[in-house]
Amino acid sequence: MLPALIATDVDGTLLDQHERVTPRTAAAVRAAVDAGVQFVLATGRPPRWIPPVVEQLGFAPMAVCANGSVIYDPATDRIISARTLSIEALTRLADIAASVIPGAGLAVERVGRSAHDAATPQFVSSPGYEHAWLNPDNTEVSLEDLLSAPAVKLLIRKAGAQSGDMAEALAPHVGSEGDLTYSTNNGLIEVLPSGLSKATGVAEVAGPLGIAASDIITFGDMPNDIPMLQWAGLGVAMGNAHPEAKAAADEVTTPNTEDGLARVLERWWL
């Protein structure tokens, strides 16, 4: 297949271990884009964490953010669409988390009209929430305030736990309240509005362009990438990928530390 659209995860896939787009990967992506191929970022990152990636790429592709809940256009710094968990759903999910994983901290991701909408505190956590990574954007509030507004995703965090174990424990109780996923095995679960994933986000971008799933190639490394790896015409897992992501993919390339994404794109664009 000659792909019409490339959709890639960011951390652990497009970026190397130093959170950089290597020269080889940048060149391969640029060659594809110069040939008229659409390029889309598909990430668990919120919109405000997209600009550093765009700066390294040298152009501003559309971004599927928050694992499919948000479509963001970094070229205009505009949130195109956002789907949220309701206050009622968040409240029920918080009760489930407290019952199934005692001591877990909660946080929510919200969006406004742009990546840095000052009118909307975007990452809000409950007291004592322990971050899985550095997040200087955090606003700590009471649990009541955390659950007082819709959010594009809920984060459930238990330091020292394994994300896979948490997902297995939560899944029977969550039901239709939301969809569980995770992008790190460091004790962090993300809950999205039901029916959403990176695959639905990429489809939302591709649809108006008249591009079918069969003409799309996707790259990823973690369980939150599995829906789009299975949905696309060609799903490629990185050599450093989680075993479940590798099993879901059509093929496995070399790790992100060895320009795995570039090695695949170079089949068509050198």
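The values are calculated or read from the model by the stated rules, or taken from the named source; none is laboratory data. Here the structure is a predicted model, which is why all the values come from computation and not from measurement. Glycine also receives a Cβ, built like all others from the backbone with ideal geometry; neighbour counts cover every protein chain displayed. For the accessible areas, the whole protein counts, side chains as well, though only heavy atoms, and no ligand, DNA or RNA atoms are used. Shrake-Rupley method; radii C 1.70, N 1.55, O 1.52, S 1.80 Å.
Some values worked out for this structure:
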| item | result |
| --- | --- |
| When residues of the range 1-53 are limited to those that are of a type in the set (A, V, I, L, M) and out of contact with any strand residue (DSSP E or B) (no Cβ under 8 Å at 6 or more places or on another chain), the one farthest from residue 242 (Cα to Cα) | 35 |
| Residue list for the range 181-202, restricted to those being surrounded by fewer than 21 Cβ atoms within 10 Å (Cβ to Cβ) and assigned to a strand (DSSP E or B) | none |
| Among (1) within 30 Å of residue 160 (Cβ to Cβ); (2) free of Cβ contacts under 8 Å to residues at least 40 places away in the same chain, the one test that residue 94 misses | (2) |
| Verdict on residue 39 being open to solvent by 10 Å² or more (accessible area, probe 1.4 Å) and in contact with a Pro (Cβ under 9 Å, 6 or more places away or on another chain) | yes |
| Any chance residue 63 is of a type in the set (Gly, Ala, Ser), within 18 Å of residue 205 (Cα to Cα) and open to solvent by 30 Å² or more (accessible area, probe 1.4 Å) | no |
| Residue in the range 156-177 that is in a loop (DSSP other than H, G, I, E, B), within 18 Å of residue 66 (Cβ to Cβ) and open to solvent by less than 50 Å² (accessible area, probe 1.4 Å) present | no |
| Strands (runs of 3 or more DSSP E) wholly inside the range 97-155 containing at least 1 residues that are surrounded by 17 or more Cβ atoms within 10 Å (Cβ to Cβ) and β-branched (Val, Ile, Thr) | 105-109, 123-125 |
| Pairs, first surrounded by 15 or more Cβ atoms within 10 Å (Cβ to Cβ) in the range 240-259, second β-branched (Val, Ile, Thr) and not in a helix (DSSP H, G or I), C-beta under 6 Å, six or more apart | 246/252; 249/236; 253/236; 259/22 |
| Criterion (open to solvent by 20 Å² or more (accessible area, probe 1.4 Å), closer than 29 Å to residue 158 by Cβ, of a type in the set (Asp, Glu) and out of contact with any Lys or Arg (no Cβ under 6 Å at 6 or more places or on another chain)) met by exactly one of 88, 55 | 88 |
